[in-house]
Amino acid sequence: MLSNIAARDVETLIHPYTNLSAFRETGPLVLERGHGVWVYDTDGRPYLEGMAGLWCTALGYGNEELVEAAAEQMGRLPFAHLFSGRSHDPAIELAETLKELMPVPTSKIFFTSSGSEANDAQVKLLWYMNNALGRPRKKKIIARRKGYHGVTVATASLTGLPANHADWDLPIDGFLHAACPHHYRGAEPGESEEAYSQRLAAELEAQILAEDPDTVAAFFAEPVMGAGGAIVPPAGYFPAIQAVLDRYDVRLVADEVICGFGRLGTWFGGQALGMRPHTLSFAKALTSGYLPLGGISIDEPLYRAMLEESVKLGGFGHGTTYSGHPVACAVANRALHIYRRDRIVERAAERAPHFQAALARLADHPLVGEARGMGLIGGIEIVADKPSKRQFEPKAAVAARCVAFAQDEGLIVRFLSGDRIAVCPPLVIEPDEIDTLFERLTRALDRTAAWIAHEGLQPAPAA
């Protein structure tokens with residue numbers, strides 16, 4: 001029997017990334033409040049939020065400074081837009097700070113309301129720039145299988161996950177996908193990470209040549225893949241890829257929506273992995289998820305092209321009502337102040353070895369084929385047979401069952417395609433809370449193993 005509030009939810013809401021049929025039976029987990037790394041349901045039961053909400057609540061829950069910043073701005077100027085040359089101080093201050101923080105040469109900042117919007121704007125601006133430069137054929141964009149870049153028509157086309165394409169009539173023309181850089185799944189027997197990276201770079205070069213370099217505009221990449229499985233790239237991957245992109249004048253766009261603002265122990269994830277992007281997209285942790293806000297960096301060549309088009313067309317025809325919302329910008333300004341004052345990024349780097357050691361120990365579990373991460377993000381892959389890496393049938397939904405057991409243990413983590421489970425706690429997590437997180441996840445894995453034995457589940461047939 002569903003509670004009254006759960007029944008009301010089932011009859012009124014559509015939940016993203018949810019099996020809508022099964023959900024009618026299970027109902028929602030309804031959360032009521034949060035503090036630190038903990039959230040509480042309507043019965044008052046605590047859960048360690050092992051996914052930082054949705055990869056975003058870096059400063060945890062109940063941060064009074066962020067609440068105060070929102071309230072102050074609400075009382076002063078609750079709304080203003082940036083259209084037609086209007087502005088306000090929170091947006092100006094935030095753009096100034098972000099320009100200072102950017103790991104790449106940045107001329108301007110363009111604000112959006114989400115990561116999807118940010119990447120969508122990147123796509124439009126790539127096309128716009130190449131029209132301005134007299135290169136109308138240079139429009140194709142390459143992303144990667146299992147990459148995640150959003151859910152608009154354009155960004156879902158960038159995304160390389162089957163669930164984002166099946167029966168959505170996606171991807172649209174002009175969006176291509178290169179190999180997923182997952183050494184555990186993609187490497188040949190005995191192939192080192194470095195050799196695998198070189199092979200992937202050679203495959204990308206062949207793909208660009210087959211398409212014609214004069215038609216390829218950009219390559220989109222997350223530093224560490226998020227929704228595709230919390231996948232860390234192999235050693236040497238981005239330098240090898242960058243050499244190919246440079247050779248054919250293909251711009252690199254870094255999707256920093258998940259990795260930005262400290263997740264990998266650096267301000268931006270690409271700094272830890274040798275990325276040299278032309279522009280980058282950001283969102284999520286910029287406000288610690290307290291309010292919707294995203295954006296992109298604009299380099300000087302792109303800005304110059306935008307200026308030329310404004311002369312030609314009489315204006316810049318892009319923008320949304322809430323981009324640069326003053327309350328969201330005020331919260332972001334306060335969040336960045338906290339990051340700097342409390343050394344949040346440095347503290348995340350200091351806690352990363354403890355987190356990664358606990359994650360690595362899960363590789364000893366009979367169900368875990370891979371346990372790997374970077375900074376304060378990690379992914380594990382459940383397999384039916386460790387030597388062969390064979391998995392269970394997808395319809396068994398083993399990772400989903402494990403996540404349900406984890407929730408029963410008082411831990412929130414997320415299952416992803418390919419029987420993978422992601423862990424991404426708030427950056428303010430303490431060492432003893434890291435221990436609690438992995439203790440509960442281990443118990444969930446144990447319960448999953450017992451359930452598998454009880455159900456008599458077998459490995460999927462060999463491909």
Query raised in the report: What number of residues within the stretch 209-224 are surrounded by 22 or more Cβ atoms within 10 Å (Cβ to Cβ) and either out of contact with any Lys or Arg (no Cβ under 6 Å at 6 or more places or on another chain) or at pLDDT below 95 (or both)?
Result: 6
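Please find, among 389, 395, the residue that is farther than 30 Å from residue 66 by Cα, out of contact with any helix residue (DSSP H, G or I) (no Cβ under 7 Å at 6 or more places or on another chain) and modelled with pLDDT under 95. Break it down into steps so the answer makes sense when it comes.
Numbers: 389 fails: modelled with pLDDT under 95.
Just a single option satisfies the conditions, and that option is 395.
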Query raised in the report: Can you name every residue in the stretch 319-340 that is of a type outside the set (Val, Ile, Thr) and part of a helix (DSSP H, G or I)?
Result: 326, 328, 329, 330, 332, 333, 334, 335, 336, 337, 339, 340
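Filtering the stretch 285-309 down to residues that are assigned to a helix (DSSP H, G or I) and touching a strand residue (DSSP E or B) at 6+ places or on another chain (Cβ under 8 Å), which residue is farthest from residue 254 (Cα to Cα)?
Let us first name the residues in the stretch 285-309 that are assigned to a helix (DSSP H, G or I), namely 285-287, 300-309.
Still in the running and touching a strand residue (DSSP E or B) at 6+ places or on another chain (Cβ under 8 Å): 286, 302-303, 306.
On the way: 286: 16, 302: 15, 303: 18, 306: 20 Å.
Residue satisfying both the conditions and the ranking: 306.
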Query raised in the report: residue 170 passes all but one of (1) open to solvent by less than 10 Å² (accessible area, probe 1.4 Å); (2) in a loop (DSSP other than H, G, I, E, B); which number fails?
Result: (1)
**Report entry** For residue 140: the one exception among (1) more than 28 Å from residue 388 (Cα to Cα); (2) open to solvent by less than 50 Å² (accessible area, probe 1.4 Å)
**Finding:** (2)
Query raised in the report: Looking at this structure, is residue 366 in a loop (DSSP other than H, G, I, E, B), over 20 Å from the mean Cα position of the chain (by Cα) and farther than 12 Å from residue 261 by Cα?
Result: yes
Report task. Among the residues of the stretch 298-339, write down those that are touching a Pro at 6+ places or on another chain (Cβ under 9 Å) and open to solvent by 30 Å² or more (accessible area, probe 1.4 Å). Result -> 300, 322, 325
Report task. Give the residue, chosen from 109, 208, 172, that is within 23 Å of the chain's Cα centre (by Cα), more than 30 Å from residue 89 (Cβ to Cβ) and not small (Gly, Ala, Ser). Result -> 172
Query - Given (1) in contact (Cβ under 8 Å) with a residue 60 or more places away in the chain; (2) crowded, with 22+ Cβ neighbours inside 10 Å; (3) among the aliphatic types (A, V, I, L, M), index of the condition residue 349 fails - result: (2)
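Among the residues of the stretch 293-327, how many are without any contact (Cβ under 8 Å) to a residue 60 or more places away in the chain and either among the small types (Gly, Ala, Ser) or within 16 Å of residue 124 (Cα to Cα) (or both)? Quick ask: steps written out before the conclusion?
Filtering the stretch 293-327 down to residues without any contact (Cβ under 8 Å) to a residue 60 or more places away in the chain leaves 304, 307, 310-311, 313-317.
So of that shortlist, the ones also either among the small types (Gly, Ala, Ser) or within 16 Å of residue 124 (Cα to Cα) (or both) come out as 304, 307, 310, 313-317.
Final tally of qualifying residues: 8.
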Query raised in the report: Restricting attention to the stretch 124-137, and to residues there that are in contact with a His (Cβ under 9 Å, 6 or more places away or on another chain) and within 14 Å of residue 253 (Cα to Cα), which single residue is most open to solvent (accessible area, probe 1.4 Å)?
Result: 124
**Report entry** Residue match in the stretch 440-450 (condition: open to solvent by 40 Å² or more (accessible area, probe 1.4 Å), at pLDDT 95 or above and among the aliphatic types (A, V, I, L, M))
**Finding:** yes
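How many residues does the stretch 376-405 hold that are open to solvent by less than 10 Å² (accessible area, probe 1.4 Å) and either of a type in the set (Asp, Glu) or over 21 Å from residue 456 (Cα atoms) (or both)?
To start, the set of residues in the stretch 376-405 that are open to solvent by less than 10 Å² (accessible area, probe 1.4 Å) comprises 376-383, 398-399, 402.
Okay, now just the ones that are also either of a type in the set (Asp, Glu) or over 21 Å from residue 456 (Cα atoms) (or both), so 376-381.
So the count comes out to 6.
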Query raised in the report: Would the stretch 193-202 turn up any residue that is within 20 Å of residue 389 (Cα to Cα), out of contact with any strand residue (DSSP E or B) (no Cβ under 9 Å at 6 or more places or on another chain) and surrounded by fewer than 17 Cβ atoms within 10 Å (Cβ to Cβ)?
Result: yes
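Let's see how each residue does on (1) of a type outside the set (D, E, K, R); (2) over 20 Å from the mean Cα position of the chain (by Cα):
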| position | (1), (2) |
| --- | --- |
| 168 | yes, yes |
| 178 | yes, no |
| 181 | yes, no |
| 187 | yes, yes |
| 197 | yes, yes |
| 203 | no, yes |
| 213 | yes, yes |
| 217 | yes, yes |
Query raised in the report: What tally of residues in the stretch 153-167 results from selecting those that are touching a residue at least 12 places away in the same chain (Cβ under 8 Å) and surrounded by 13 or more Cβ atoms within 10 Å (Cβ to Cβ)?
Result: 10
Query raised in the report: What pairs come up if the first residue lies in the stretch 170-184 and is of a type in the set (A, V, I, L, M), the second is open to solvent by less than 20 Å² (accessible area, probe 1.4 Å), and their beta carbons are under 6 Å apart, counting only those six or more places apart or on different chains?
Result: 170/156; 170/157; 172/157; 176/142; 178/142; 178/144; 178/204; 179/200
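A quick yes/no check of all residues on (1) free of Cβ contacts under 8 Å to residues at least 24 places away in the same chain; (2) open to solvent by less than 10 Å² (accessible area, probe 1.4 Å); (3) farther than 26 Å from residue 414 by Cβ; (4) within 19 Å of the chain's Cα centre (by Cα):
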| site | (1), (2), (3), (4) |
| --- | --- |
| 230 | no, yes, no, yes |
| 245 | no, yes, yes, no |
| 254 | no, yes, no, yes |
| 262 | no, yes, no, yes |
| 265 | no, no, no, yes |
| 291 | no, no, no, yes |
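The values are calculated or read from the model by the stated rules, or taken from the named source; none is laboratory data. Given the structure is predicted, the values throughout are model-derived calculations rather than measurements. As a convention, Cβ positions derive from the backbone with ideal geometry for all residues, glycine included, and neighbour counts pool all protein chains shown. Surface accessibility is based on the protein's heavy atoms, side chains included, excluding ligands, DNA and RNA. Shrake-Rupley method; radii C 1.70, N 1.55, O 1.52, S 1.80 Å.
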